[in-house]
């Protein structure tokens with residue numbers, strides 16, 4: 001079953017705008033990760049945030065985590081056409097020994113030039 | 001480092017045929033995973049391994065078998081392919097249970 005659910009399912013913006021994607025999950029976690037997938041390619045890790053962290057930055061990416069609401073958001077600032085991709089959140093499964101990640105269905109981001 | 005590689009990249013099978021997908025990683029990772037990705041379904045875990053000689057079932061294991069005889073390789077087998085197994089298959093690995101996962105480029109499988 002899906003642990004993380006991204007919202008929205010699809011997002012279309014203009015180059016230069018900010019893009020925000022959200023992820024909600026159901027059970028407690030040790031960490032949450034965001035991945036990116038370009039069309040027809042494998043997933044690439046973007047950022048990992050641990051349950052005791054509230055915010056993390058990496059270049060134009062900003063991730064927040066609210067464990068009380070069981071939600072996370074990924075903000076891409078000053079978007080570029082090259083940011084067009086699908087973005088997935090993934091959570092670990094502490095009850096299962098955190099041996100595996102559970103991925104959401106993803107948000108498909110289109111950045112128009 | 002090549003990272004995570006998958007063989008083959010594409011394959012077309014007829015219903016009932018068998019095949020093996022090979023995943024190899026050169027990062028000395030303990031954990032390895034096989035996922036399938038279908039439109040609108042996201043990534044679903046088929047089987048995984050937490051170390052050489054170990055395997056465990058994921059979310060959708062039926063119709064698949066795996067083996068991890070060597071630490072660097074994780075094989076996914078389809079004994080009798082069905083059209084429902086048409087999908088893109090991704091392999092991934094990671095060093096430890098709190099680390100990030102590295103993905104292979106994927107294998108696009110079509111079962112006619």
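The values are calculated or read from the model by the stated rules, or taken from the named source; none is laboratory data. Here the structure is a predicted model, which means the values were calculated and not measured. Ideal geometry is used to build each Cβ from the backbone, glycine not excepted, and the neighbour counts take in all protein chains shown.
So, in region B:31-50, exactly how many residues are modelled with pLDDT of 95 or more and out of contact with any strand residue (DSSP E or B) (no Cβ under 8 Å at 6 or more places or on another chain)?
0
Taking the residues in region A:57-113 that are loosely packed, with under 12 Cβ neighbours inside 10 Å and under 21 Å from residue A:41 (Cβ atoms) as candidates, determine which candidate is nearest to the other protein chains (Cβ to nearest Cβ).
Applying the filter and picking the extreme gives A:58.
What is the one condition in (1) more than 14 Å from chain A (Cβ to nearest Cβ); (2) more than 22 Å from residue A:38 (Cα to Cα); (3) not in a loop (DSSP other than H, G, I, E, B) that residue B:11 does not satisfy?
All conditions are met except number (2).
Which one of the conditions (1) closer than 15 Å to residue A:66 by Cα; (2) buried (at least 21 other Cβ atoms within 10 Å of the Cβ); (3) at pLDDT 95 or above does residue A:35 fail to meet, given that it meets all the rest?
It is condition (1) that residue A:35 fails.
Is at least one residue of region A:16-25 under 24 Å from residue B:92 (Cα atoms), part of a loop (DSSP other than H, G, I, E, B), touching a residue at least 40 places away in the same chain (Cβ under 8 Å) and away from every other protein chain (no Cβ under 11 Å)?
Scanning region A:16-25 turns up at least one residue that is under 24 Å from residue B:92 (Cα atoms), part of a loop (DSSP other than H, G, I, E, B), touching a residue at least 40 places away in the same chain (Cβ under 8 Å) and away from every other protein chain (no Cβ under 11 Å).
Tally up the residues in region A:72-113 that are closer than 27 Å to residue B:56 by Cβ and not in a strand (DSSP E or B), please.
Residues flagged as closer than 27 Å to residue B:56 by Cβ and not in a strand (DSSP E or B) within region A:72-113 amount to 11.
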